[in-house]
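Engineer: One structure follows; several queries about it will come next.
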Amino acid sequence: MNRVIKIDYLSRIEGESGVYIEIKDDSINVEMRVFEAPRFFESFLKGRPFQDAIDFTARICGICPVAYQMSSVHAIERIFGIQVDKPIRDLRRLMYCAEWISSHSLNVYMLHGPDFYGLESAWAGKEYLPILKKGLSFKRLGDEILTIIGGRAIHPVHIKVGGFFRAIDLNHLKGLIPSLQRAYEDSLKEIKWVSTLRFQRGYNEKVYVSLRHDEYPMNYGSVISNKGLNVSMEGFLGMIEERQMVYSTALHSKIKKDGDLQPYLLGPLARLNNNYMCLPDEIRDVIAASGINIPISGMDKGIIARVIEIAYALYESIKLIKGLDDINVLSKEVQLCSGSATWITEAPRGMLIHHYELDDTGKILNCRIIPPTSQNLAAMEMDIRHLVELNKNLDKTRLKGLISSLIRSFDPCISCSVHLLN
């Protein structure tokens, strides 16, 4: 059997890419063709003051700017030996919760969700509109938290090395608690809803990689996997090999282990499978009552993990806001020094890696950024290959639909994936 399947432009994903598949007898070649122009943020930052890393990298993505700011600010604070106080840590975690709520709601309700109803878009069927409305209400709450803390929902401007540039309106935040409580109660019902969706059969065994910490991981932790990996952030960076693919402007990452290179998966599915016991009991009770088995297998079930993380982020937001009192120290003093550091935080799509080298005046000598989508591309191609293998006799239209839906289940951020190339 010789077949070629091409999707020139994938819809309902962030950024521009396509997929090329060639079936020859028993071999299947898959190419995720990312064709956005390279974006040279790492080069832009060379020679610039350290604070520019926080503001510049936020512009890499309009969906997950907080993740870029957090990986930057933590790495630079590590170089300067800064340990921020608990109120600042809590506010940063609250910003991360808000970004998860906003980003996951976009994917679940507007991008991936319509696939389960056979719709071309979230507005294509009247029966889907109440579902969409619920998702938009979640997203609105996430955006409001980001605006209060960061100054605006997209590309926040208040984060600085050592803390924040300006005071936070705690009364405004606490005024959101009733709305957050209602949203949290609704989100538990959404876990039951998403468990009833119809999923594809068959899945690939994967290496699930995420942070692990005392709490459900966002800003801190070591790097673990379901295959026994447990290393520091710096140790994990040393295990990654990035390769340029001739058909893509995005680098592909794999883990180097025992002389082999392994694809691996980041994101909500990996986080949930690796950190399920960190969820509060009441959310785990709803998961069990909904018939959801952990670990979750099958990439199209990523929508389940995202809905669970929306519920968790709402729960955590309420807890964090209730615990906030007047913040006496808005920012720690910065003592410049040279050095280098790596930091990883959990962006909505998975671990976002930043590495910086600074001189003794605080200027950036070198910078390396590895976004989650570029780390997931090899696993994405592996899953597409497996899907085609199981369904290669389907007509092209149906097969293209399955492939497109599978890709949307990864929630790829293509614009994030293209950085400095060799």
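The values are calculated or read from the model by the stated rules, or taken from the named source; none is laboratory data. This one's a predicted model, so the numbers in the text were calculated from it and none came from an experiment. So basically every Cβ, Gly included, is an ideal-geometry build from the backbone, and we count neighbours across all protein chains shown. With ligands, DNA and RNA removed, areas are computed over all heavy atoms of the protein, side chains included. Shrake-Rupley method; radii C 1.70, N 1.55, O 1.52, S 1.80 Å.
Engineer: Hey, among 13, 63, 23, 54, which residue is among the hydrophobic types (A, V, I, L, M, F, W, C) and farther than 23 Å from residue 146 by Cα? I'd like the intermediate steps shown before the answer.
Structural biologist: On the way: 13 fails: farther than 23 Å from residue 146 by Cα; 63 fails: farther than 23 Å from residue 146 by Cα; 54 fails: farther than 23 Å from residue 146 by Cα.
Of 13, 63, 23, 54, the one residue that is among the hydrophobic types (A, V, I, L, M, F, W, C) and farther than 23 Å from residue 146 by Cα is 23.
Engineer: For residue 211, work out the one condition from (1) over 30 Å from residue 385 (Cβ atoms); (2) touching a residue at least 12 places away in the same chain (Cβ under 8 Å); (3) under 23 Å from the mean Cα position of the chain (by Cα) it doesn't fulfil.
Structural biologist: (1) is the only condition that residue 211 fails.
Engineer: Sticking with this structure for a sec: Checking residue 331 against (1) at pLDDT 95 or above; (2) among the small types (Gly, Ala, Ser); (3) within 30 Å of residue 87 (Cα to Cα), only one condition comes out false. Which one?
Structural biologist: Result: residue 331 passes all but (1).
Engineer: Restricting attention to region 257-278, does a residue exist that is touching a helix residue (DSSP H, G or I) at 6+ places or on another chain (Cβ under 6 Å), of a type in the set (Lys, Arg), within 24 Å of residue 203 (Cβ to Cβ) and surrounded by 20 or more Cβ atoms within 10 Å (Cβ to Cβ)? Explain how you work it out, then say what you get.
Structural biologist: Within region 257-278, the first condition is being touching a helix residue (DSSP H, G or I) at 6+ places or on another chain (Cβ under 6 Å), and the residues that meet it are 263, 265-266, 268-269, 272.
Cutting the leftovers down to of a type in the set (Lys, Arg) gives us none.
Within region 257-278, none of the residues are touching a helix residue (DSSP H, G or I) at 6+ places or on another chain (Cβ under 6 Å), of a type in the set (Lys, Arg), within 24 Å of residue 203 (Cβ to Cβ) and surrounded by 20 or more Cβ atoms within 10 Å (Cβ to Cβ).
Engineer: Please enumerate the residues belonging to region 46-73 that are open to solvent by 10 Å² or more (accessible area, probe 1.4 Å) and either assigned to a helix (DSSP H, G or I) or among the small types (Gly, Ala, Ser) (or both). Working first, answer last.
Structural biologist: Here is the first cut: in region 46-73, the ones open to solvent by 10 Å² or more (accessible area, probe 1.4 Å) are 46-52, 55-56, 59, 62-63.
Of everything in region 46-73, those that are open to solvent by 10 Å² or more (accessible area, probe 1.4 Å) and either assigned to a helix (DSSP H, G or I) or among the small types (Gly, Ala, Ser) (or both) turn out to be 47, 51, 52, 55, 56, 62.
Engineer: Report yes if residue 281 is open to solvent by 50 Å² or more (accessible area, probe 1.4 Å), within 20 Å of residue 214 (Cβ to Cβ) and not small (Gly, Ala, Ser), otherwise no.
Structural biologist: Numbers: open to solvent by 50 Å² or more (accessible area, probe 1.4 Å): yes; within 20 Å of residue 214 (Cβ to Cβ): yes; not small (Gly, Ala, Ser): yes.
For residue 281, the condition - open to solvent by 50 Å² or more (accessible area, probe 1.4 Å), within 20 Å of residue 214 (Cβ to Cβ) and not small (Gly, Ala, Ser) - is met.
Engineer: Among the listed residues 92, 39, identify the single one that is surrounded by fewer than 20 Cβ atoms within 10 Å (Cβ to Cβ) and touching a helix residue (DSSP H, G or I) at 6+ places or on another chain (Cβ under 8 Å).
Structural biologist: Values: 92 fails: surrounded by fewer than 20 Cβ atoms within 10 Å (Cβ to Cβ).
After ruling out the rest, the residue left standing is 39.
Engineer: Take the residues in region 224-234 that are in contact (Cβ under 8 Å) with a residue 12 or more places away in the chain and within 13 Å of residue 212 (Cβ to Cβ); name whichever of them is most open to solvent (accessible area, probe 1.4 Å).
Structural biologist: Looking only at region 224-234, we keep the residues that are in contact (Cβ under 8 Å) with a residue 12 or more places away in the chain, and these are 224-227, 229-230, 233-234.
Keeping just the survivors that are within 13 Å of residue 212 (Cβ to Cβ) gives 224-226, 229-230, 233.
Working: 224: 12, 225: 17, 226: 65, 229: 30, 230: 109, 233: 10 Å².
Across region 224-234, the extreme among qualifying residues is 230.
Engineer: Another question about this same structure. Starting from residues that are of a type outside the set (A, V, I, L, M) and part of a loop (DSSP other than H, G, I, E, B), keep the ones in region 22-45 and report whichever is farthest from residue 243 (Cα to Cα).
Structural biologist: 25
Engineer: Restricting the search to region 339-375, which residues are among the aliphatic types (A, V, I, L, M) and closer than 27 Å to residue 98 by Cα?
Structural biologist: Within region 339-375, the subset among the aliphatic types (A, V, I, L, M) is 341, 344, 347, 351-353, 358, 364-365, 369-370.
The answer is 341, 344, 347, 351, 352, 353, 369, 370.
Engineer: In this structure, does residue 294 turn out to be in contact (Cβ under 8 Å) with a residue 12 or more places away in the chain, open to solvent by 10 Å² or more (accessible area, probe 1.4 Å) and among the β-branched types (Val, Ile, Thr)? Can you show your working first?
Structural biologist: On the way: in contact (Cβ under 8 Å) with a residue 12 or more places away in the chain: yes; open to solvent by 10 Å² or more (accessible area, probe 1.4 Å): yes; among the β-branched types (Val, Ile, Thr): yes.
Yes, satisfied.
Engineer: Hey, could you check region 306-356 for residues that are of a type in the set (Lys, Arg), touching a residue at least 24 places away in the same chain (Cβ under 8 Å) and open to solvent by 40 Å² or more (accessible area, probe 1.4 Å) and say which is nearest to residue 235 (Cα to Cα)? Before you say what the answer is, go through the steps one by one.
Structural biologist: Here is the first cut: in region 306-356, the residues of a type in the set (Lys, Arg) are 306, 319, 322, 332, 349.
Keeping just the survivors that are touching a residue at least 24 places away in the same chain (Cβ under 8 Å) gives 306, 322, 332, 349.
Retained after the next criterion (residues that are open to solvent by 40 Å² or more (accessible area, probe 1.4 Å)): 322, 332.
On the way: 322: 36, 332: 28 Å.
Going through the qualifying residues, I end up with 332.
Engineer: Moving to a separate point now. So, in region 138-192, how many residues would count as being in contact with a His (Cβ under 6 Å, 6 or more places away or on another chain) and either open to solvent by 30 Å² or more (accessible area, probe 1.4 Å) or part of a helix (DSSP H, G or I) (or both)? Don't jump to the end; show me each part of the working.
Structural biologist: Just the residues of region 138-192 that are in contact with a His (Cβ under 6 Å, 6 or more places away or on another chain), to begin with: 148, 150-151, 164-166.
Those left that are additionally either open to solvent by 30 Å² or more (accessible area, probe 1.4 Å) or part of a helix (DSSP H, G or I) (or both): 148, 150-151, 165-166.
Residues that pass the stated criteria total 5.
Engineer: Go through region 289-304 and report how many residues are more than 22 Å from residue 106 (Cα to Cα) and part of a loop (DSSP other than H, G, I, E, B). Give the steps one after another, and end with the answer.
Structural biologist: Of the residues in region 289-304, the ones more than 22 Å from residue 106 (Cα to Cα) are 289-295, 297.
So of that shortlist, the ones also part of a loop (DSSP other than H, G, I, E, B) come out as 290-295, 297.
Looking only at that region, the number is 7.
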